[in-house]
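The values are calculated or read from the model by the stated rules, or taken from the named source; none is laboratory data. No experiment lies behind these values; they were computed from the predicted model shown. Reconstructed Cβ throughout: ideal geometry from the backbone, glycine too, with neighbour counts over all protein chains shown.
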Amino acid sequence: MFLYIHGFNSSPLSQKTQEFRRWLAERGRENEWICPDLPHQPAEAFALLCTLVEQAQIRPKLVGSSLGGFYATALSARYDIKAVVINPAVHAPLVLRSALGPQVGYYDDTQYEFTQQHLDELQALDLLAPANPDNILLMQEREDEVLDWKVAVDYYRDCHQLVFRGGDHSFTRFGDVIELIDRF
């Protein structure tokens with residue numbers, strides 16, 4: 001079972017989520033995929049993710065991209081479960097401070113105001129370091145134009161890591177690493 005957690009202003013319609021869903025479907029495993037459309041309020045999003053973990057028949061493996069990687073790290077700590085974090089937003093309240101103001105979803109016309117309350121809710125989830133490093137696999141591309149890859153490599157230094165040259169924030173090699181995600 002996989003709980004895929006999309007990033008900031010993204011949705012279950014993102015390229016990675018759909019590619020992962022197709023990969024599982026091609027193997028007759030589509031029922032192992034959950035990807036909620038997260039609310040914009042971090043406290044609500046995290047509460048929804050906690051509910052999904054707690055109600056799952058078996059503990060899911062988390063796969064989180066960007067802000068989803070931030071949430072996956074917090075969930076992994078809370079529930080002692082495995083997480084694959086892809087180009088994660090380390091210390092999201094700091095990273096997203098520059099996003100304060102009007103926002104529009106990438107895959108629909110959803111509009112909302114990103115406020116200090118959002119940052120405060122993210123701050124409540126932020127960890128000084130991953131709680132269970134053996135449960136986390138970092139997948140990072142070095143040419144991420146949104147987030148500094150060195151920050152992630154340092155933050156997840158005690159975790160499993162795959163760091164690739166090139167790429168971008170979308171994680172261009174995703175199709176090539178799905179099997180590794182499955183095996184982790």
(request) Check the range 72-84 and report whether any residue there is modelled with pLDDT under 95, in contact with a Phe, Trp or Tyr (Cβ under 8 Å, 6 or more places away or on another chain) and closer than 25 Å to Gly175 by Cβ. (result) no
(request) Would you check which residues across the range 9-55 are under 13 Å from the mean Cα position of the chain (by Cα), touching a residue at least 60 places away in the same chain (Cβ under 8 Å) and not in a helix (DSSP H, G or I) and list them? (result) Asn9, Ser10, Ser11, Ser14
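One line per residue, one yes/no per condition, for (1) buried (at least 16 other Cβ atoms within 10 Å of the Cβ); (2) at pLDDT 95 or above; (3) under 24 Å from Glu44 (Cα atoms); (4) in contact with a strand residue (DSSP E or B) (Cβ under 9 Å, 6 or more places away or on another chain):
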position: Thr115; (1), (2), (3), (4): no, yes, yes, yes
position: Leu119; (1), (2), (3), (4): yes, yes, yes, no
position: Leu125; (1), (2), (3), (4): yes, yes, yes, no
position: Pro130; (1), (2), (3), (4): yes, yes, yes, yes
position: Gln140; (1), (2), (3), (4): yes, yes, no, yes
position: Val146; (1), (2), (3), (4): no, no, no, no
position: Val177; (1), (2), (3), (4): yes, yes, no, yes
position: Asp182; (1), (2), (3), (4): yes, yes, no, yes
(message) Residue pairs, Cβ under 7 Å, 6 or more apart or interchain, first in the range 85-96 and under 14 Å from Ala124 (Cβ atoms), second acidic (Asp, Glu) and part of a loop (DSSP other than H, G, I, E, B). List them.
(response) His91/Asp126; Ala92/Asp126; Pro93/Asp126
(request) Kindly indicate whether Val153 is within 30 Å of Leu24 (Cβ to Cβ) and either outside any helix (DSSP H, G or I) or touching a residue at least 24 places away in the same chain (Cβ under 8 Å) (or both). (result) no
(request) Give the residues of the range 63-82 that are farther than 19 Å from Val177 by Cβ and assigned to a helix (DSSP H, G or I), sorted by residue number. (result) Leu67, Phe70, Tyr71, Ala74, Leu75, Ala77, Arg78, Tyr79
(message) Looking only at the range 151-184, how many residues end up being of a type in the set (Lys, Arg) and at positive phi?
(response) 0
